[in-house]
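First comes the structure, then the notes that go with it.
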Amino acid sequence: MPSTMNELSGAAPMIVARDIRKRFGVVEVLKGVSLDIDRGDVVAVIGPSGSGKSTFLRCLNRLESIDSGAVVIAGDTLVSTDAAGVCRYAPDTELRRICRKMGMVFQQFNLFPHLTVLQNIIEAPITVQGLAPATIIPKAEELLRKVGLLDKRDSYPSRLSGGQKQRVAIARALAMEPDIMLFDEPTSALDPELTGEVLRSMRQLAEEHMTMLVVTHEMAFAREVSTSVVFMDEGEIVEARPAGEMFASPEHPRTRAFLEHML
Amino acid sequence: MDYVIQILGPLLAGTAVTLQVFLLTLLLSVPLGLVLALLRVSHFRIASGIVNGYIWLMRGTPLMLQMLFIYFALPFVPVIGVRLPDFPAAIVAFVLNYAAYFAEIFRAGIQSIERGQYEAARVLGLTYGQTMRRIVLPQVVKRILPPMSNETITLVKDTSLIYVLAMNDLLRAARGIVQRDFTTMPFVVAAAFYLLMTLALTWGFNYLEKRHAVYDE
């Protein structure tokens, strides 16, 4: 049962996830998750801890490998499962090429501590894409200006606040010019007063029609910025609907219980 | 004082031998140790297992025994049996032995880097090799400087073991003079020489640690 968000828009979805199953040992953390995300969609994935939402996100760019199902990114098949139930990933170079279409922002930032802010941003464009520093540095500075951290250009990450670190992480991901941005609880490790600056950068990105998949506990962000909201619980998508509808009239009792608890 | 100046010549000659063994061992065993560590943490089960066994063997037997084996027993080993002169035999033994210790230091360093660093590098499109070279190893260097300092200082003093192959390092030179002149003064001078060498190393490592202190974790 595919849960397509915008069935009427003709273009192929940016992300197609089909019946994704994943277990850690005996625990089945994803019990057949399917989701389509169109270009420019901002999808918030909400749900209680342990509902499998982060794992689902990490399955999309192969930080976790799935047991069965299929993932297609902008028309390219990352992984598929044949009729016999054999799950097959694309060959390594192809895999890397497909995954490069997705930038990712982590809960723990994962900046490179031995590199300055600027070096963090230009590392992958230089090493992976082979760009010349002269080409990428102005672009990196532009990204830093965008997230409001140009003055921190030459600072090391340890000198930054959590919110600043996360904004650098966003700029670092954007420097690779991804088509899709994945956010894995980007504000969960931040002090409450610092979440605003990160959410502002994300909102700005959404306004530029970046395709975004955001695992979050920020209900305000889910409601105000996302185009649709996915509620996950116990390894399945319980409900996936446009943001306004989801918060106004959640259909499923589990969704209702969760939202009442969160809001 | 005159006496000290008089024995300085042979002691300096001994120091030259000591320094040669030290520098050659360091120069060769650090890269070998790094290769061993990378194999050990790799997903190649067989290579990892072999390295494991190698480290067990090298750390589990005395360096002096290894040196004696390579010098006296290796010539009689089929296929790989070669007869090495004393200096190369000593270097081979030291390099093989110290590479095992350095490999363990590197391994501990590599495994101390958080998984998030690998994941961040991976989602940015870096290959495993690029991740190691550009992200992991530069951070490892900072973390392993203190144990590396320890190990290299130990190496300076371990060089005195080459006396078993009748080579005239600093300590053997000093002992020769002690036995000849019936005075323990050469030992004191030799101790001073060792202290100077380890002092230089301590300073060198302090400098490196300061240089890497520009960033915190």
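What follows draws every value from the coordinates through simple rules; no lab data is involved. Only a predicted model underlies this, so the values are computations on that prediction, with no experimental measurement involved. Cβ sites come from the backbone with ideal geometry, for glycine too, and all protein chains shown count toward neighbours.
Between region A:63-77 and region B:32-50, the alpha-carbon centres lie 31 Å apart. In a simple Cβ point-charge model (Lys, Arg +1; Asp, Glu -1; nothing else charged), chain B has a dipole of about 540 debye relative to its Cα centre. Provide a whole-number value for the mean count of partner chain Cβ atoms within 10 Å of the Cβ atoms in peptide A:167-176. Across the residues of A:167-176, the mean count of other-chain Cβ atoms within 10 Å is 1. Between the helical axis of B:185-212 and the longest alpha-carbon principal axis of chain B there is an angle of about 20 degrees. Of the residues A:HIS252, A:HIS114, A:HIS261, A:HIS217, the one with the fewest other Cβ atoms within 10 Å heads the list, and the complete ranking is A:HIS261, A:HIS252, A:HIS217, A:HIS114. The residues A:MET176, A:MET202, A:MET14, when put in order of fewest to most other Cβ atoms within 10 Å, stand as A:MET176, A:MET14, A:MET202.
Computing FRET efficiency as 1/(1 + (r/R0)^6) for B:ALA73 and B:ALA166, where r is the C-beta to C-beta distance and R0 is 25 Å, gives about 0.90.
What chymotrypsin sites (Phe, Trp or Tyr not before Pro) in region B:1-47 are in a loop by DSSP, with at most 14 other Cβ atoms within 10 Å of the Cβ? The partial results should precede the final answer.
Details: sites: B:TYR3, B:PHE22, B:PHE44; in loops: B:PHE44.
Within region B:1-47, the qualifying chymotrypsin sites (Phe, Trp or Tyr not before Pro) (loop, at most 14 other Cβ atoms within 10 Å) are B:PHE44.
Computed from Cα positions, the angle between helix B:170-181 and the longest principal axis of chain B comes to roughly 10 degrees. Computed over the protein assembly as shown, the alpha-carbon pair-distance distribution with 20 angstrom bins reads 20, 40, 24, 13, 3, 0, each value a whole percent. Lysine pair count for chain A with Cα-Cα distance under 29 Å and sequence separation of 8 or more or different chains is 16. Sparse packing (at most 16 other Cβ atoms within 10 Å of the Cβ) combined with a DSSP loop state is found for the following trypsin sites (Lys or Arg not before Pro) in region B:83-187: B:ARG83.
Would chain A count as rounded, prolate or oblate if I go by the C-alpha gyration tensor, calling it rounded below 1.5 in a/c and otherwise prolate when a/b exceeds b/c, oblate otherwise? Provide the component values of the computation, followed by the final result.
Numbers: a/c = 1.81, a/b = 1.30, b/c = 1.39.
It is oblate, given that a/c is not under 1.5 and a/b is not larger than b/c.
Tell me the relative contact order for region B:2-212 as a rounded percent, counting alpha carbon contacts under 8 Å between residues six or more apart.
Working: 202 pairs, mean separation 62.2, N = 211.
That works out to 29 percent.
Taking a ≥ b ≥ c as the square roots of the eigenvalues of the Cα gyration tensor, chain B is oblate, since a/c reaches 1.5 or more and a/b is not larger than b/c.
Can you give me the angle between helix A:133-146 and the longest principal axis of chain A, using Cα atoms only, in degrees from 0 to 90, rounded to the nearest 10? So the inclination is approximately 70 degrees. Given a 10 angstrom Cα cut-off, can you work out which residue in B:LEU27, B:LEU155, B:LEU126 is the most mobile in a GNM of chain B? Of B:LEU27, B:LEU155, B:LEU126, the most mobile in the Gaussian network model is B:LEU126.
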